[in-house]
Amino acid sequence: MLIAGAAGMISQLTVMPIFAPIVGEEMLLIVGLLGGCTHVFLYGIAWSYWVPYFAAAFIILSAFVHPSIRTNVSKSVGSNEQQGIAQGCISGISSFASILAPLIFTPLTAWF
């Protein structure tokens with residue numbers, strides 16, 4: 001987790017500012033979502049002890065998701081008051097998902 005967090009921080013600080021103007025936030029969002037899906041898929045079908053470690057490399061790409069979503073929402077709403085409401089909704093949904101995900105994911109991994 002520490003390595004994935006540090007790698008995500010480095011990718012947000014170095015890779016994202018370079019690629020965002022070139023490919024756009026929408027493409028970074030797609031890349032981040034595909035990276036996260038690839039990580040979860042490989043983690044779910046891990047056939048050997050090394051596969052979860054290999055799959056962890058794809059979670060670095062998912063660091064692009066939250067900044068890209070926030071950027072797109074920020075561009076789509078108007079006034080400052082709406083900015084706060086929109087960003088607050090994103091934070092609330094993210095917090096709710098952080099609570100709900102372990103409740104769903106833990107029993108699923110117990111089956112295997």
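Values quoted throughout were computed directly from the atomic coordinates according to the rules given, and no laboratory measurement underlies them. Computed from a prediction, not measured in an experiment: that's the story for all the values here. Note: ideal-geometry Cβ built from the backbone for every residue, glycine included; neighbour counts use all protein chains shown.
Here are some notes:
- Per-residue 3J(HN,Hα) values for the stretch 51-64, derived from phi via the Karplus relation 6.51 cos²θ - 1.76 cosθ + 1.60 with θ = phi - 60°, read 5, x, 5, 5, 5, 5, 5, 7, 6, 4, 5, 6, 5, 7 Hz in sequence order (x marks Gly and Pro).
- A simple rule links phi to the HN-Hα coupling: the Karplus curve 6.51 cos²θ - 1.76 cosθ + 1.60 with θ = phi - 60°, which for the stretch 84-95 gives x, 5, 5, 5, x, 5, 4, 5, x, 5, 5, 5 Hz, with x for Gly and Pro.
- Local net charge near MET16, Cβ-Cβ under 14 Å (Lys/Arg +1, Asp/Glu -1): -1
- Tilt relative to the chain, helix 25-44 - C-alpha long axis, 0 to 90 degrees, to 10: 20 degrees
- Tensor-based shape of the chain (alpha-carbon gyration tensor, a/c under 1.5 rounded, otherwise prolate or oblate): oblate
- Counted charge near GLY88, where neighbours are those whose Cβ lies closer than 12 Å (Asp, Glu -1; Lys, Arg +1): 0
- Within the chain, helix-based [θ] at 222 nm, where runs of 4 or more DSSP H residues each add -39,500 (n - 2.57), nearest 500: -24500 deg cm²/dmol
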